[in-house]
Ligand code: TUI
């Protein structure tokens, strides 16, 4: 037990990353059942979809769970109200500043864990009343900031007194041990869970993650101010080329619209946007969520044990 497991009422200090069109009730309930914290994705989804997912998770497990609110969602006000109405135990919130929603959420008993990519936002959100923070480095899949996990986590840990959860580039026990040594009290895992058996996405997506090596992601969207790490596909390389040539932001948005869903639901290798982190090269096979969480914990213990007496 540590500050994060106590705060969130979970057995293991492992949060599942909120992954757009990936983390629906199947994965979320499996992670929560296995002792971590599953989080329902919102992405660009409408509130009605999210409400259904919350109810489906509640039907599948009585363990704590959460919702990851993407601040760029056009219905973010309604989503935050939904969190309050449904008394969701925990929210994480990324891709923006959720500060103005914190008082009402906390008033309703919702634990608030913003995802930050800089020390400045970490400090601002601690002042706003965040219960904990996820510090997410640029190794992550999806929307990213511009600091690595290795550099970001200890700087956020030193800047705030709420517990910090490390994210970005962590997929096994060694990475988890490293995060704890940097001062994190928990980890957020995304990419490795993409290939979990319970993850309800197209098999082609899982296969691409399992086949990926260290250099198989690229970052699109820098030209629009919304950089996004995705698996290298012909379509994404073409989009990146167009961006470098100076494509208009409107045209870029048009090319990207619906691509996340195409990847997760249809496994569309031609037109999909397969978000994944740089650590995809470490994901070698499809496994159950329980196997993944056990491996993370066992691997972390082994990593710490291997260091014992090393520097005497
Ligand atoms: O949010 C994420 N990752 C995501 S969200 C997403 S879905 C999406 N939908 C519509 C448009 C774009 C994406 C896919 N992946 N991670 C958390 C995260 N937040 N990483 C970085 C940040 C971040 C970056 C800048 C948070 C705040 C920020 O600045 C806000 C400010 O006001 O300073």
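The values are calculated or read from the model by the stated rules, or taken from the named source; none is laboratory data. Every value quoted in this text rests on a predicted model; they were computed, and no experiment measured them. All Cβ positions, even for glycine, are placed from backbone atoms using ideal geometry, and neighbour counts span all protein chains on display.
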Residue 220 being surrounded by 21 or more Cβ atoms within 10 Å (Cβ to Cβ) and closer than 23 Å to residue 71 by Cβ
yes
Of the candidates 169, 186, 173, the one satisfying the condition of being within 21 Å of residue 1 (Cβ to Cβ), under 18 Å from the mean Cα position of the chain (by Cα), away from the ligand (no atom under 12 Å from the Cβ) and buried (at least 21 other Cβ atoms within 10 Å of the Cβ) is 186
Only one of (1) assigned to a loop (DSSP other than H, G, I, E, B); (2) farther than 30 Å from residue 158 by Cα is not met by residue 58, so which one is it?
(1)
Quick count over segment 223-248, residues being out of contact with any strand residue (DSSP E or B) (no Cβ under 6 Å at 6 or more places or on another chain) and either without any contact (Cβ under 8 Å) to a residue 40 or more places away in the chain or in a helix (DSSP H, G or I) (or both), is 15
Taking the residues in segment 62-104 that are in a helix (DSSP H, G or I), within 22 Å of residue 4 (Cα to Cα) and in contact with a strand residue (DSSP E or B) (Cβ under 7 Å, 6 or more places away or on another chain) as candidates, determine which candidate is farthest from the ligand (Cβ to nearest atom).
83
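Pick out the one residue from 213, 272, 299 that is in contact (Cβ under 8 Å) with a residue 12 or more places away in the chain, over 18 Å from residue 17 (Cβ atoms), over 18 Å from the mean Cα position of the chain (by Cα) and not in a loop (DSSP other than H, G, I, E, B). Full working, then the answer.
Values: 213 fails: not in a loop (DSSP other than H, G, I, E, B); 272 fails: not in a loop (DSSP other than H, G, I, E, B).
Sole residue among the options that is in contact (Cβ under 8 Å) with a residue 12 or more places away in the chain, over 18 Å from residue 17 (Cβ atoms), over 18 Å from the mean Cα position of the chain (by Cα) and not in a loop (DSSP other than H, G, I, E, B): 299.
Provide a single number: the residues in segment 9-19 that are at negative phi and either without any contact (Cβ under 8 Å) to a residue 24 or more places away in the chain or surrounded by fewer than 24 Cβ atoms within 10 Å (Cβ to Cβ) (or both).
First pass over segment 9-19, keeping only residues at negative phi: 10-19.
Next cut, either without any contact (Cβ under 8 Å) to a residue 24 or more places away in the chain or surrounded by fewer than 24 Cβ atoms within 10 Å (Cβ to Cβ) (or both) only: 11-12.
Count: 2.
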Any idea which of (1) over 18 Å from residue 171 (Cβ atoms); (2) crowded, with 22+ Cβ neighbours inside 10 Å; (3) out of contact with any helix residue (DSSP H, G or I) (no Cβ under 7 Å at 6 or more places or on another chain); (4) in contact (Cβ under 8 Å) with a residue 40 or more places away in the chain is the one residue 32 doesn't satisfy?
(4)
Selection from segment 122-154 of residues that are within 8 Å of the ligand (Cβ to nearest atom) and under 19 Å from residue 179 (Cβ atoms)
134, 136, 140, 141, 142, 144, 145
Here the qualifying pairs (Cβ atoms under 7 Å; residues six or more apart or on different chains; first in segment 249-263 and in contact (Cβ under 8 Å) with a residue 60 or more places away in the chain and closer than 13 Å to residue 45 by Cα; second away from the ligand (no atom under 12 Å from the Cβ) and in a helix (DSSP H, G or I)) come out as none
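Return the residues of segment 1-42 that are part of a loop (DSSP other than H, G, I, E, B), more than 16 Å from the ligand (Cβ to nearest atom) and at pLDDT 95 or above; say none if nothing qualifies. Break it down stepwise before answering.
Applying the first criterion (part of a loop (DSSP other than H, G, I, E, B)) to segment 1-42 yields 1-2, 9-13, 17-24, 34-36, 42.
Narrowing the set further to residues that are more than 16 Å from the ligand (Cβ to nearest atom) leaves 1-2, 9-13, 34-36.
2, 9, 10, 11, 12, 13, 34, 35, 36 - these are the residues of segment 1-42 that are part of a loop (DSSP other than H, G, I, E, B), more than 16 Å from the ligand (Cβ to nearest atom) and at pLDDT 95 or above.
Run down 108, 132 and say which single residue is surrounded by 19 or more Cβ atoms within 10 Å (Cβ to Cβ) and more than 22 Å from residue 302 (Cβ to Cβ). Walk me through it before giving the result.
Details: 108 fails: surrounded by 19 or more Cβ atoms within 10 Å (Cβ to Cβ).
Residue meeting the stated conditions: 132.
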